[in-house]
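Enquirer: Take a look at this one; I'll ask things after.
The values are calculated or read from the model by the stated rules, or taken from the named source; none is laboratory data. On a predicted model such as this, the values are computed, not experimentally measured, just so you know. Note that we place each Cβ from the backbone using ideal geometry, even for glycine, and neighbour counts take in every protein chain shown. Please note that ligands, DNA and RNA were not included when accessible areas were found on the heavy atoms of the full protein model with its side chains. Shrake-Rupley method; radii C 1.70, N 1.55, O 1.52, S 1.80 Å.
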Amino acid sequence: MKELVKKAIKVLESNWQGNFTIPCKGLYPFQWNWDSGFIAIGLAHFDMTKAKKEISTLLNAQWGNGFIPHIIFHNESDTYFPGPDYHCAHLHPHASNKYKSSGITQPPVIGFVLQELYRIATNKSDIIRYIEEVIDKVYQNHKYFYENRDPFNEGLVYIYHNWESGTDNSPVWDSIFEKINSPEYNFKRRDTAHVDPEQRPSKKEYDHYLHILEIAKKHHYDDEKIAELSPFLVQDPLFNSMLIKSNQSLIELYDLIGKKQENMAQLKKWQEKSIRAFNEKLFDEELGAYIHYDLRNNKSIKYISSSSFTPLYAGIPNQNRALKMVTTLIEKFGREDNYLCASFDPTSNKYNPVKYWRGPIWININWMLYKGLKNYGFNKLAYQVKNDSIELVEKIGFYEYFDPRKELYTNESKGLGGTDFSWTAALIIDLLNENQMP
Ligand code: 2M8
């Protein structure tokens with residue numbers, strides 16, 4: 001196990017750029033928002049200075065309105081599309097004039113990441129000082145979401161692009177894209193130069209991704225216009241779980257530092273409303289899990305993905321509902337010959353065990369599922385998720401994603417997507433470190 005931690009540290013060190021970490025050489029050569037959050041958790045175990053730097057570098061690129069972009073283009077690179085010249089974030093009046101970035105965001109993990117750093121830190125007074133320095137920025141980010149991404153004041157925020165979800169080509173988006181008449185764009189993809197196209201989204205899907213961006217750009221990334229016009233407008237259980245989990249962390253951290261009682265009071269109000277709305281609107285009794293809501297077309301999207309179970313990590317369901325979710329998880333995802341946890345329902349005909357977010361296992365989601373299941377007392381399943389994650393990485397390496405089918409794994413097996421992937425390394429360090437704790 002010590003060897004695996006050493007290897008993971010090596011991955012993180014080789015992806016470190018001096019003040020942030022790239023997710024993967026070639027494939028993702030810039031700073032990504034939620035990647036940085038997960039990466040900081042790994043860094044914190046062996047170099048807290050770097051962990052703090054990772055978060056500060058991301059927060060430095062925050063816009064005047066509290067928004068934090070999904071990619072920050074600190075450096076030049078021509079190995080990724082779409083780059084800064086395509087995204088044109090400067091179209092928005094509050095965009096940072098110091099950093100080039102995208103104009104879309106990603107799941108808000110930084111609140112709970114700060115609490116993780118506090119948990120891991122040995123020097124508690126140092127990390128408290130750091131939290132005091134940055135916590136208001138994270139609060140401003142949550143304020144941005146509640147004030148700009150919740151047009152009906154429901155307590156649930158929307159995403160307007162699949163890239164905002166983090167689960168880019170999940171089958172959950174298929175029905176939305178089927179309704180959109182996107183033009184065929186002429187562009188040069190870079191991802192398929194690094195990874196087998198079988199494991200990446202299709203050209204048609206990329207046309208949709210660009211089309212939604214074009215609409216946002218045309219309106220200078222104006223949130224009101226986007227809410228009115230974007231063909232993609234979704235309340236995502238993963239995204240909202242991250243917000244709720246981070247709300248809770250911010251409440252507890254404000255309590256710890258004993259400052260800004262007014263922010264804490266506001267967070268508590270958001271939190272109560274969000275949890276209630278989440279439980280009322282996003283749970284599907286028949287499917288026994290939380291699902292996405294298509295706000296543009298006013299209907300639930302009736303598919304189960306690994307996002308459906310992330311509310312466990314945020315403490316959203318009550319114990320009864322959590323039990324229902326676990327039954328669903330075991331029934332649909334828990335075949336003995338599969339590792340846990342596929343990113344999409346393996347019993348669905350849309351499931352594809354090698355294609356990105358349409359089936360493969362992702363370590364960041366497993367990390368959340370492990371923690372969530374454990375918090376509700378489902379220890380056996382929790383440890384199965386944890387042990388499966390470690391076993392996969394130990395067998396074949398720090399890949400971006402993994403085929404769930406056990407029979408495929410021999411000594412020559414390869415994983416999927418990018419190699420030496422940062423959040424896989426970072427979260428494996430965290431999972432392994434826990435074993436050494438009393
Ligand atoms: C993937 O997304 C990017 C776009 O943001 C891409 O495919 O080009 C996703 O897996 C996303 O969740 C992740 O943050 C990003 C970088 O690892 O890659």
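Enquirer: Could you figure out which of (1) in a helix (DSSP H, G or I); (2) more than 20 Å from the chain's Cα centre (by Cα); (3) without any contact (Cβ under 8 Å) to a residue 40 or more places away in the chain isn't true of Q271?
Expert: Result: Q271 passes all but (2).
Enquirer: List the number of the failed condition for S175; all other conditions in (1) out of contact with any strand residue (DSSP E or B) (no Cβ under 9 Å at 6 or more places or on another chain); (2) open to solvent by 10 Å² or more (accessible area, probe 1.4 Å); (3) away from the ligand (no atom under 16 Å from the Cβ); (4) not basic (K, R) hold.
Expert: Every listed condition holds for S175 apart from (1).
Enquirer: Filter the range 28-74 for residues that are over 23 Å from G417 (Cα atoms) and among the polar types (S, T, N, Q) and give the result.
Expert: First, the residues of the range 28-74 that are over 23 Å from G417 (Cα atoms): 44-69, 74.
Across the range 28-74, the qualifying residues are T49, S56, T57, N60, Q62, N65.
Enquirer: Going through T310, T327 one at a time, which residue ends up being modelled with pLDDT of 95 or more, in a helix (DSSP H, G or I) and open to solvent by 10 Å² or more (accessible area, probe 1.4 Å)? Break it down stepwise before answering.
Expert: Numbers: T310 fails: open to solvent by 10 Å² or more (accessible area, probe 1.4 Å).
Result of the check over T310, T327: T327.
Enquirer: Within the range 55-62, does at least one residue satisfy the condition of being under 26 Å from I127 (Cα atoms) and under 16 Å from the mean Cα position of the chain (by Cα)?
Expert: Looking through the range 55-62, at least one residue is under 26 Å from I127 (Cα atoms) and under 16 Å from the mean Cα position of the chain (by Cα).
Enquirer: Here is a follow-up. Among residues belonging to the range 1-35 that are over 21 Å from A61 (Cβ atoms) and β-branched (V, I, T), point out the one that is farthest from the ligand (Cβ to nearest atom).
Expert: V5
Enquirer: Can you name the residue in the range 204-225 that is closer than 16 Å to N169 by Cα and away from the ligand (no atom under 14 Å from the Cβ) and is also surrounded by the fewest Cβ atoms within 10 Å (Cβ to Cβ) among such residues?
Expert: My answer is K204.
Enquirer: Checking the condition away from the ligand (no atom under 16 Å from the Cβ) and either over 18 Å from the mean Cα position of the chain (by Cα) or assigned to a loop (DSSP other than H, G, I, E, B) (or both), which residue from Y370, Y383 passes? Explain how you work it out, then say what you get.
Expert: Values: Y370 fails: either over 18 Å from the mean Cα position of the chain (by Cα) or assigned to a loop (DSSP other than H, G, I, E, B) (or both).
Step by step, each of Y370, Y383 is checked, and only Y383 is away from the ligand (no atom under 16 Å from the Cβ) and either over 18 Å from the mean Cα position of the chain (by Cα) or assigned to a loop (DSSP other than H, G, I, E, B) (or both).
Enquirer: Something else: What pairs can you find where one residue is in the range 313-324 and under 21 Å from N364 (Cβ atoms) and in a helix (DSSP H, G or I), the other is open to solvent by 10 Å² or more (accessible area, probe 1.4 Å) and aromatic (F, W, Y), and their Cβ atoms are less than 8 Å apart, with a gap of 6+ or different chains?
Expert: A322/Y376; A322/F378
Enquirer: Identify, by number, the condition in (1) under 25 Å from W362 (Cβ atoms); (2) within 15 Å of the ligand (Cβ to nearest atom); (3) at pLDDT 95 or above that L43 doesn't meet.
Expert: The one condition L43 does not meet is (2).
Enquirer: Identify, by number, the condition in (1) in a loop (DSSP other than H, G, I, E, B); (2) modelled with pLDDT under 95 that E198 doesn't meet.
Expert: (1)
Enquirer: Now, a different point. Of the numbered conditions (1) crowded, with 18+ Cβ neighbours inside 10 Å; (2) of a type in the set (F, W, Y); (3) in a loop (DSSP other than H, G, I, E, B), F187 satisfies every one except a single condition; which is it?
Expert: Only one criterion in (1) crowded, with 18+ Cβ neighbours inside 10 Å; (2) of a type in the set (F, W, Y); (3) in a loop (DSSP other than H, G, I, E, B) is unmet by F187, namely (1).
Enquirer: Could you tell me which residue of the range 89-102 is least open to solvent (accessible area, probe 1.4 Å), considering only residues that are within 16 Å of the ligand (Cβ to nearest atom) and assigned to a loop (DSSP other than H, G, I, E, B)?
Expert: The first filter runs over the range 89-102 and keeps only residues within 16 Å of the ligand (Cβ to nearest atom), leaving 89, 100-102.
From what is left, the residues that are assigned to a loop (DSSP other than H, G, I, E, B) are 100, 102.
Values: K100: 106, S102: 0 Å².
Restricting to residues being within 16 Å of the ligand (Cβ to nearest atom) and assigned to a loop (DSSP other than H, G, I, E, B), the top hit is S102.
Enquirer: State whether the residues of the range 47-61 include one that is more than 15 Å from the ligand (Cβ to nearest atom), open to solvent by 10 Å² or more (accessible area, probe 1.4 Å) and either in a loop (DSSP other than H, G, I, E, B) or under 30 Å from D207 (Cβ atoms) (or both).
Expert: yes
Enquirer: Which is in contact with a Ser or Thr (Cβ under 6 Å, 6 or more places away or on another chain), open to solvent by less than 10 Å² (accessible area, probe 1.4 Å) and under 25 Å from K371 (Cα atoms), of T21, T105? Before you say what the answer is, go through the steps one by one.
Expert: On the way: T105 fails: in contact with a Ser or Thr (Cβ under 6 Å, 6 or more places away or on another chain).
None of the other options fit; the residue is T21.
Enquirer: List the helices (runs of 4 or more DSSP H) inside the range 105-171, counting only whole elements, that have at least 2 residues being within 16 Å of the ligand (Cβ to nearest atom) and in contact (Cβ under 8 Å) with a residue 12 or more places away in the chain.
Expert: Working: elements: 110-120, 124-148, 162-165.
Correct list: 110-120, 162-165.
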